[in-house]
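The values are calculated or read from the model by the stated rules, or taken from the named source; none is laboratory data. This is a predicted model, so every value here is computed, not measured. As a convention, Cβ positions derive from the backbone with ideal geometry for all residues, glycine included, and neighbour counts pool all protein chains shown. Surface accessibility is based on the protein's heavy atoms, side chains included, excluding ligands, DNA and RNA. Shrake-Rupley method; radii C 1.70, N 1.55, O 1.52, S 1.80 Å.
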Amino acid sequence: MAAKSLLRIISSKNPAILGVVYYNEENEIVILEKGQNKAVPLALSSLTPEQRFTYYDQKHTTGSDIKQATRAKALVTIGKGTFD
């Protein structure tokens, strides 16, 4: 599970990050929280935006409305075929 790997790597660099938010296979916004094996709907999480890392796949980069921390930073990767 990519979310589990992301959470392990990111929280080792920043212990304040306690969960990874992402879209599951059913296009639902879910969160995998540290110490858990199963993601739950984001609405059921008590983590604040400052405690979360959000992963947007290509399909969900436009039109998504997930609250982010005020001082959040973004990273976008672009493949060489994007501008063809």
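At 1.4 Å probe radius, can you tell me the per residue accessible area of the chain in Å²?
78
Can you give me the Cα centroid spacing of the range 1-24 and the range 35-84 in angstrom?
Answer, in whole Å: 11.
Using only protein heavy atoms and a 1.4 Å probe, report how much of S46 is accessible, in Å² to the nearest 10.
110
Using a basic spin-label model with each label point 7 Å from the Cα along Cα→Cβ, how many nm lie between L44 and Q68?
So the two model labels end up 2.7 nm from each other.
Report the local net charge at N37: Lys and Arg +1, Asp and Glu -1, summed over other residues whose C-beta lies under 14 Å from its C-beta.
+3
Show the residues, 5+ positions off or on another chain, whose built amide H is closer than 5 Å to the amide H of T54.
Correct list: V21.
Could you work out the helix-only [θ] at 222 nm for the chain, with each DSSP H run of four or more residues adding -39,500 (n - 2.57) and the total divided by the number of residues, to the nearest 500 deg cm²/dmol?
So the calculated ellipticity at 222 nm is -4500 deg cm²/dmol.
Modelled label-to-label distance, Q36 and A16, 7 Å Cα→beta-carbon offset: nm?
Taking the simple label geometry, Q36 and A16 are separated by 2.1 nm.
Just subtract the alpha-carbon distance of N24 and Y55 from 0.36 nm times their residue separation and send over the number in nm, one decimal.
Answer, rounded to one decimal: 10.1 nm.
State the percentage of accessible surface on the chain attributable to carbon and sulfur atoms; use a 1.4 Å probe and exclude ligands, DNA and RNA.
54
Give me the accessible area of R52, 1.4 Å probe, in Å² rounded to the nearest 10.
30
If you rank V76, V40 by how much accessible surface each has, with a 1.4 Å probe, what is the order from largest down?
V76, V40
Can you sort E33, E50 by solvent-accessible area, 1.4 Å probe, largest first?
Heavy-atom accessible area, descending, gives E50, E33.
With θ set to phi - 60°, apply the Karplus curve 6.51 cos²θ - 1.76 cosθ + 1.60 along the range 70-81 and write out the HN-Hα couplings as whole Hz, x wherever there is a Gly or Pro.
Karplus-based 3J(HN,Hα) across the range 70-81 equals 4, 9, 5, 10, 10, 9, 10, 10, 10, x, 5, x Hz.
Run the numbers on the range 10-66 and let me know its relative contact order in percent, using alpha-carbon pairs under 8 Å that are six or more apart.
Over the range 10-66, the number comes to 35 percent.
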